[in-house]
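Below you'll find the structure, written out as structure tokens, and then a few comments.
We did not get these values from a lab; they are worked out from the coordinates using the rules stated. Given the structure is predicted, the values throughout are model-derived calculations rather than measurements. Note: ideal-geometry Cβ built from the backbone for every residue, glycine included; neighbour counts use all protein chains shown.
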Amino acid sequence: MPETVRCDILLWGDLHMKKNTVIRRILISLLILAMLPSGAAFAANKPEAFILGVDVSELLSQESSGVVYYDEGGNPADALAVLAESGVSHVRLRVWNDPFDEQGRGYGAGNINAERAAILSARAAKLGMKSLIDFHYSDFWADPSRQIAPKAWAGMSVDEKETALAAYTKEALALILDAGGDVDMVQVGNETTTGMAGEYDAGDMARLIAAGCRAVRETAAERGLEITVCVHLTDPQNYGMISAILRGLDIRKADYDAVGLSYYPYWHGTLEDLSDTVGTIRKDFRKEVFVAETAWPFTLDDGDGAGNVIGSDPGIYPVTPGGQALAWEDVCCTVADASGFGVFYWGGIWTPVSPDPEKNRSIWETEGSGWATRFASAYDPEHVGNDYGGCAWDNQAMFDFTGHPLPVLKTLRMLSESGRLPVPQPLAEATADPSAEAPNMVLNPDFEDPDYSMWETSSDTADVPYDYQDNISDAHSGTVAFHFWSEKDMSFRIQQTVNDLPLGKYEASVWSQGGDMTDASMVLYVIADGQYYETSFMNSGWADWQHPVISNIPVASGSLTIGVKIKCGKKSWGTLDDFSVVKK
């Protein structure tokens, strides 16, 4: 582990151009800068200290199942009180719309709807802890593998879902606030990397998130509150994917303050990946960042006879109580060092009901303390089916199998008290001197203008394999990109001759993403003053944006040609976007 990450204790509407004028481009730059979010909303609600949070969504079901928790002295205690005494500042509470079947039988994993979240939020508030409300906009689990619409929204159009989602968000928040919950943060969707509320098109998903953000803002304004509005994504090791989603939210004008990331060391890359993504989101999108979920196992043993999600040694850290504490410390310190503002531990109180699976079985069903009950199968048959039962997370909780606190809670307290985790300064207002920015001389560089007459395309194969595709998830900016795919082998090029260039040296570039590249060659090229320049590149996956650049191109004739030529096997695919020619 790099020493810079370690602690001292154990522990972020394109306007198209039809005339190639510098003045027009400068005006566009000014407009874009004016539209950038300032971070002022988050600054007004800036936390006083680095947030150390724990998700406690299962607690009511745990307690009704007979689970007992203990304090450090070995005395039976309220788990929330133990967390508060350990330095936890926030609890995270997921909210499912209706996690019950027609007979009122719960789906499990806490059976947590707005009413049950309100009880826990109010209890936490009495102990001095604030709440992060995590709307899933589903009746059961929502994550990258599933984003099922609530039963009540089945068959709705996207327009209807927008209305229903906004109304539900307001209603649920009002219930939690009226119960006495201290709501500091609201998450609009859970791990919305692939979709939300049954919508998997990137544009439709962004519309729904924007509607949820508006609903939170309106509720906060009506009550005179300052609530941090968050979106939640996974896979910080894949910044290209995250960037594509956040750009879609910008296009839909989603009004949010912060990006929450899921970071589990055994699934989501290295701490360096996490650090880079936290810093790059802040720089590129001017949004604050936190880790909404993390965890590490303290044992490979199974505490309730239902198996574990992590049942073999993932490496990286020891699978011991000390290793769990070290993993928590490293994630917290990495986020703080990258100017993130908090970390939440997931499943921190989800301990076994008992070691006897036969005794547990009826309790899991009636009280909802397992990960799923058989009653959830009708709602989510693909992921539940007959695979329901116990916790599967008990070996990653912050309490051991008997409910006693683990060393990770001592680490949490030391981090809370050490001053090692500073809160980042609010993002500064956007300032820039547009005159210092050299204009992009390419016409319609991002294909947002439906007039493509300035672009010349040609194919060496019989079937033209390309088009101008309107799809947010495949565009580097805006919604449109030059797209290619074919059932046959492909060989084609796209180029533009750029005129009226002042004498000087230029830099040319393009953005490209795609995959399944077989027998492939991809080249960015420039022709200027009779000279030919090129650089090769290769697509490596969806949203893994490549950015080939050719620098130091002398131009004396006033024009150059920029283009990309691609040769690849059948079913290779990809998009090109944001061509650029800039004077250096």
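Under a 5 Å amide H cut-off, with hydrogens placed 1.01 Å from N, His136 pairs with Val95 among residues at least 5 apart or on other chains.
Here are some pairs, Lys253/Lys567; Lys488/Lys565; Lys283/Lys584; which of them have Cα atoms lying more than 27 Å apart in this structure? Exceeds cut-off: Lys253/Lys567.
Where the alpha-carbon atoms of the range 68-131 are placed on the principal axes, they occupy 44, 23, 14 Å, in descending order. Note that the range 264-270 has calculated 3J(HN,Hα) couplings of 9, x, 7, 10, 10, x, 8 Hz, one per residue in order, obtained from phi through the Karplus relation 6.51 cos²θ - 1.76 cosθ + 1.60 (θ = phi - 60°); glycine and proline are x. Its Kirkwood hydrodynamic radius, worked out from the mean inverse distance over all distinct Cα pairs, puts the range 71-212 at 15.9 Å.
Under the combined filter of DSSP loop state and at most 15 neighbouring Cβ atoms within 10 Å, the range 339-384 retains these GluC sites (Glu not before Pro): Glu382.
Judged by the mean number of other Cβ atoms found within 10 Å, the most tightly packed of the peptides 131-141, 91-101, 67-77 leads the ranking 131-141, 91-101, 67-77. For the chain, the mean residue ellipticity at 222 nm estimated from helices alone is -8500 deg cm²/dmol, where every DSSP H run of n ≥ 4 contributes -39500 (n - 2.57) and the total is divided by all residues, rounded to the nearest 500. Our coupling estimate for the range 135-149, obtained by passing each phi through the Karplus curve with A = 6.51, B = -1.76, C = 1.60 and θ = phi - 60°, is 6, 8, 6, 7, 8, 8, 3, 10, 7, x, 8, 7, 9, 8, 5 Hz, Gly and Pro reported as x.
Pairs of Cα atoms in the range 164-254 fall into 10 Å distance bins, from 0 up to the last occupied one, in shares of 17, 48, 27, 8, 0 percent.
Between Asp235 and Ser262, the built amide H atoms are under 5 Å apart, and every one of these is 5 or more places off in sequence or on another chain.
Projecting the Cα atoms of Asn471, Val523, Ser491 onto the dipole axis of the range 447-545, where Lys and Arg carry +1 and Asp and Glu carry -1 at the beta carbon, places Val523 farthest toward the positive end.
Three principal axis extents describe the C-alpha atoms of the chain; from largest down they are 84, 49, 48 Å. Principal axis analysis of the Cα atoms in the range 435-583 yields extents of 44, 30, 27 Å, listed in decreasing size.
The phi torsions of the range 179-184, fed into the Karplus equation with coefficients 6.51, -1.76 and 1.60 and a -60° offset, translate into couplings of 6, x, x, 9, 7, 9 Hz, rounded to whole numbers, with Gly and Pro shown as x.
For the range 189-256, averaging the sequence separation of C-alpha pairs within contact (under 8 Å, six or more residues apart) and dividing by the residue count gives a relative contact order of 46 percent. Each Lys or Arg adds one and each Asp or Glu subtracts one; over the other residues with Cβ under 15 Å from the Cβ of Gly87, this totals -2.
Across the range 523-571, Cα-Cα distances exceeding 12 Å account for 67% of all pairs. The fewest-to-most ranking of Glu102, Glu58 by surrounding Cβ atoms within 10 Å reads Glu102, Glu58. Per-peptide packing, taken as the mean over residues of other Cβ atoms within 10 Å, places 306-313, 147-154 in the sequence 147-154, 306-313 from highest down.
The charge dipole of the range 50-418, taken about the Cα centre with unit charges on the Cβ atoms of Lys, Arg (+1) and Asp, Glu (-1), comes to about 760 debye, rounded to the nearest 20. Measuring between their Cα centroids, the range 70-144 and the range 320-345 lie 22 Å from each other.
With a cut-off of 13 Å between beta carbons, the residues surrounding Gly305 carry a summed charge of -4, where Lys and Arg count +1 and Asp and Glu -1. The Cα atoms of the range 229-274 define a convex hull whose projected area, averaged across directions, is 3.1 nm². Compute the signed sum of charges (Lys and Arg +1, Asp and Glu -1) over the other residues within less than 13 Å, Cβ to Cβ, of Leu59. Summing Lys and Arg as +1 and Asp and Glu as -1 gives -1.
Beta bridges assigned by DSSP with both partners in the chain are antiparallel in approximately 65 percent of cases.
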